[in-house]
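The values are calculated or read from the model by the stated rules, or taken from the named source; none is laboratory data. These figures come from a predicted structure and were not determined experimentally. Neighbour counts are summed over all protein chains in view; Cβ atoms, including those assigned to glycine, are modelled from backbone coordinates with ideal geometry. Side chains are part of the model used for accessible areas, which takes the heavy atoms of the whole protein and leaves out ligands, DNA and RNA. Shrake-Rupley method; radii C 1.70, N 1.55, O 1.52, S 1.80 Å.
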Amino acid sequence: MSKLDPGNNSEPEVNAVLGAEHGLAPDEYQKIIDLIERVPTFTELGIFSAMWNEHCSYKSSKKWLKTLPTTGECVILGPGENAGVVDIGDGQVVVFKMESHNHPSYIEPFQGAATGVGGILRDVFTMGARPIATMNALRFGEPGHPKTRHLVAGVVAGIGGYGNCFGVPTVGGEVNFHKRYNGNILVNAFAAGLADADKIFLSEAKGVGLPVVYLGAKTGRDGIHGATMASAEFDESIEEKRPTVQVGDPFTEKCLMEACMELMASGAVIAIQDMGAAGLTCSAVEMGAKGNLGIRLDLDHVPCREDAMTAYEMMLSESQERMLMVLDPAKEEEARGIFEKWGLDFAIVGITTDDLRFRVVRNGIEVADLPIKELGDEAPEYDRPWVAPTPKAPLEAGAIPDVDIADALLTLIGSPDLASRRWVWEQYDHLIQGNTIVRPGSDAAIVRVTGHDKKALAFSSDVTPRYCEADPFEGGKQAVAECWRNLTASGATPLAASDNLNFGNPEKPEIMGQLVRAVEGIGEACRALNFPVVSGNVSLYNETKDEPILPTPTIAGVGLIEDLANTARMAFTAEDEIIVLVGATDSWGTHLGQSIFLREICDLEDGPPPPVDLEQELRTGNLVRGLIHDHLVTAVHDCSDGGLAIALAEMAIASGIGASTNAPADPSQVAAFFGEDQGRYVMTLRLEDRDALWDRCEKAGVGIAEIGKTTASELKLGEAKPISIEDLRDRHEAWFPQFMKS
Amino acid sequence: MKSAILVFPGTNRERDAADAIKLVSGKAPTMVWHQETDIPDVDLIVVPGGFSYGDYLRAGAIAARSPVIADLMKKAKSGITVLGICNGFQILTETGLLPGSLARNTGLDFLCHDVHMKVDNNQTRFSNKYAPGQIIRFPIAHHDGNYFADPDTLKKIEDAGQVVFRYCTPNGDISMQGNPNGSINNIAGLTNSDGNVMGLMPHPENLIDPLLGGTDGRIMFESLIGRAA
């Protein structure tokens, strides 16, 4: 039936049971047999399992991802390549993507997080872009859970250990705690790089009979089936999966990046693809399939770290810091010289063919012969059943107790989700490359564009999972809106976003419903705000023993700053300035459903999340950006978690300047100060600019409320007792280091 | 001023150093790969920050055995100015050009934040544009910055005035409170006994522009330029 070698006798018999062990459902296994008209070899089964798992094939989410807006004036390349490419003018582009490394980071936090950073950096420099910034969105279980501290310590050390050595500034991100992440943490890593628009490299192979070259580190047995592991729920045996976690080597990655940059400049690269999930399999198939070419790999030439690796192991290894490229044969010696200079492997391991087959040879014997296009194109695609989540009823009138506003603020500013993340980001080199204009801990990080005096990029990563849990559609909208708002608050023009969709098991209709509705919300917001999604990643099966994570569609956005003189920070800049709340309706704040106040003070997670009025969001944001550019405002901060009180406290802590607000006319002081109504910014202005500012707001149709003024060194909210900035700062800074020491 | 920057596999702040030098001198430094055996004739050789060889054996230990080091030693002994920043400081102690060594931070974590330092000696070619006792602010970004020297060595260093910068609080107190990594006598940067080689852990090259939050680092490079001019 087959000219293929059945494999050595130690290989297991291939059947539906073995298929199931590889994560292939019975009908998926049958589909393979129908496709190739025979039973696959063991190596082929491994290849199919790698290509058809959820992580690589997006089989549950593809139908919905297609609905996202991915084009726009500034978009050069949307999803489909290693990362999105966006025009920033002057012939330059920013290349960026966010990707999850959730499952490995839970099993082995240091290496899991480290290789998450390594993988996303490779995605960026594979395209010819030198990385200029990274961010990380992290979600951990509740602080009191016995594993949480160990996971935080490992993940933070892993991210720092990799990024610091590689030499890219880690400029922002998020850290949240919630019991629904007790069994599945989230590590979403973002990287952005800079390239010339005419020097972007793609994975599409071109030309028949050209050498396929293996670059970088050697192949070992680490990470085998990593992508398959990331496509299943966890159970008690998860600790046994530690061998499926890859091991990172940032030093090799740094050398690989420099070598690739030299190689790309030499003109030797026809196509290039990094080896990420499912390593050699995914990279080779993708290069061939995209270029309508076959690929023949001779594994005997693959540099190996260990002896006697089988074809199966080599095809599924997720050893890090490796690349595959199609080489211009005329440049072979030059290319080899570059890799020898950097002490890296350079081996011709295959050839492009015109037969559209993916052939793999080991010890002179063909162990796989598969149709290359179908490996990707024929991957299962599901329209999984889903149910719309039930909307939450509004909070009952009596749900909110009357509390002391000052005491509540002190509690919240030092609570796990609002306390300073300094302990985290001081372990990340956020200054290397000498372009970090706004450091971590602000609305958006600002990184100057290398070689320019005035031009910069702004970065922010956002999502409020508790909102998404209560209403995935509004939560999806809110994640996009908050990211867009954070970029706007810095003065940047938001360009585009990357989405990292983290959910539980999609085979459950209620989880699938979260995914569907969140994607719909993201799509609606991205369209309304002209903020296309140019790259992203989906991580499903974040679920342990039937306990799924909170739905967490992280949005990482990039904005452009044409002139660094026209930016804003959240720190107050002077005393006796007017403080205003822009984007407000008649009231200072109304919405306490799903608020941090409700959770931390009332121990209640209830009610609907605050709705996002996208039309209003756009109008307000565009107004705010204009005010920043015209220097009519002196400090700007978006109003988000914890509401107005927290926004004011953060502005005071950042500056050492105090604030005193009027007593709100609102019926509820609590809602006025802690309501999380969306689409609002707190800003300060000089007295003489008052008329101009009100005029601008009126013309834009945006509500504005004067709420108080900046003062010496206390924060006084209405009639509440004043709090010294020192007390606020101490509370804000204390929680994280104390937690990690406890 | 002509300058050269040594580049090892894993060096990652060479561009930052080059930007700073170019900003103050107008001239881009020559990058010298670690396999070279001759460093060009220059006024200043910089050994920049990074993770040479991944810091895998001991920070700076492998780089200190690179081919380029022989010529670095020769030029340093002939009086050429040599500046080692962060990993460069670690490499210079490993070569023996500077006394002492750098161990893991006492808190055991990698640390990246601004620190304050007092200019202990402004009579060096690296610090002549600072006022005596001036309190300045540089960022740090290191895991192994805990300077140590045995008592005899330390005494020699102190007696000879080789300490250029000491960690301090924002008010200028040379105390443990202002010491980020446990360095003995709060030593942040020091020269060799001839005064032509200096190593320091903080990064002057990352605070050279008001946009980046300060210019204290730029003054160090201006001190070097002033001398060369």
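Points worth noting:
- Under the Karplus curve 6.51 cos²θ - 1.76 cosθ + 1.60, θ = phi - 60°, whole-Hz ³J(HN,Hα) for segment A:293-299, x wherever Gly or Pro sits: 10, x, 9, 10, 10, 10, 5
- Cross-link partners of A:Lys31 among lysines (Cα-Cα below 18 Å; sequence separation of 8 or more within a chain): A:Lys59, A:Lys373
- Heavy-atom accessible area for A:Glu575, with the other protein chains in place and a 1.4 Å probe, reaches approximately 100 Å².
- For segment B:3-228, the dipole from Cβ point charges (+1 on Lys and Arg, -1 on Asp and Glu) about the Cα centre works out to 200 debye, to the nearest 20.
- Extension gain, A:Asp198 to A:Met261: 0.36 nm times the residue separation minus the Cα-Cα distance gives 21.2 nm.
- Nearest 10 degrees, 0 to 90: helix A:26-36 Cα axis against chain A principal axis: 50
- Surface listing: B:Asp38, B:Asp173, B:Asp71 arranged by accessible area from highest to lowest gives B:Asp38, B:Asp173, B:Asp71, probe 1.4 Å.
- Note that segment A:704-712 has calculated 3J(HN,Hα) couplings of 9, 10, 7, 10, x, 9, 7, 9, 5 Hz, one per residue in order, obtained from phi through the Karplus relation 6.51 cos²θ - 1.76 cosθ + 1.60 (θ = phi - 60°); glycine and proline are x.
- Rounded to 5, the percent of DSSP beta bridges in segment B:3-228 classed as antiparallel: 60
- Rounded if a/c under 1.5, otherwise prolate or oblate - the protein assembly as shown, Cα gyration tensor axes: oblate
- Relative contact order of segment B:3-228, pairs being alpha-carbon contacts under 8 Å that are 6 or more residues apart, as %: 20
- Panel note: contact residues of segment A:137-164 (accessible area lowered by at least 40 Å² against the chain on its own; 1.4 Å probe) correspond to A:Asn164.
- Accessible surface of the protein assembly as shown [probe 1.4 Å, protein heavy atoms]: carbon and sulfur percent: 49
- Summary value for segment A:335-446: 9 percent relative contact order, contacts being C-alpha pairs under 8 angstrom separated by 6+ residues.
- Segment B:159-217 shape via C-alpha gyration tensor axes, a/c threshold 1.5: oblate
- Amide H within-cut-off set for A:Arg322, under 5 Å, with H built and near neighbours excluded: A:Ala217, A:Met275
- Estimated FRET transfer efficiency when R0 is 56 angstrom, pair A:Arg305-A:Glu507 (beta carbons, to 0.05): 0.95
- Residues B:Asp41 and A:Asp27, FRET efficiency given R0 of 60 Å [Cβ-Cβ distance, rounded to 0.05]: 0.25
- Between segment A:343-412 and segment A:518-540, the alpha-carbon center distance in angstrom: 15
- Note that chain A presents 33 Å² accessible area per residue, ligands and nucleic acids not counted, probe 1.4 Å.
- C-alpha center-to-center spacing [segment A:689-742, segment B:1-35] in angstrom: 44
- Peptide A:423-432, shielding by other chains (average Cβ, 10 Å cutoff): 6
- When accessible surface is computed with a 1.4 Å probe, chains B and A are found to bury approximately 2300 Å² between them, both chains counted.
- Peptides A:84-91, A:620-627 ordered by average Cβ neighbours within 10 Å, highest first: A:620-627, A:84-91
- Centroid-to-centroid separation of segment A:427-479 and segment A:108-158 [C-alpha atoms, Å]: 16
- Residue pairs, from the table A:Lys62/A:Lys454; A:Lys218/B:Lys2; B:Lys27/B:Lys155; B:Lys27/B:Lys75; A:Lys218/A:Lys331; A:Lys477/A:Lys508, whose Cα atoms sit over 31 Å apart: A:Lys62/A:Lys454; A:Lys218/B:Lys2; B:Lys27/B:Lys155
- Based on DSSP H segments of at least four residues, each scored -39500 (n - 2.57), chain A has a per-residue ellipticity at 222 nm of -10500 deg cm²/dmol.
- Cα-based shape type of segment B:3-228, given that a ≥ b ≥ c are square roots of the gyration tensor eigenvalues and the cut on a/c is 1.5: rounded
- In terms of overall dimensions, the C-alpha atoms belonging to segment B:89-222 reach 42, 33, 27 Å along their principal axes, ordered largest to smallest.
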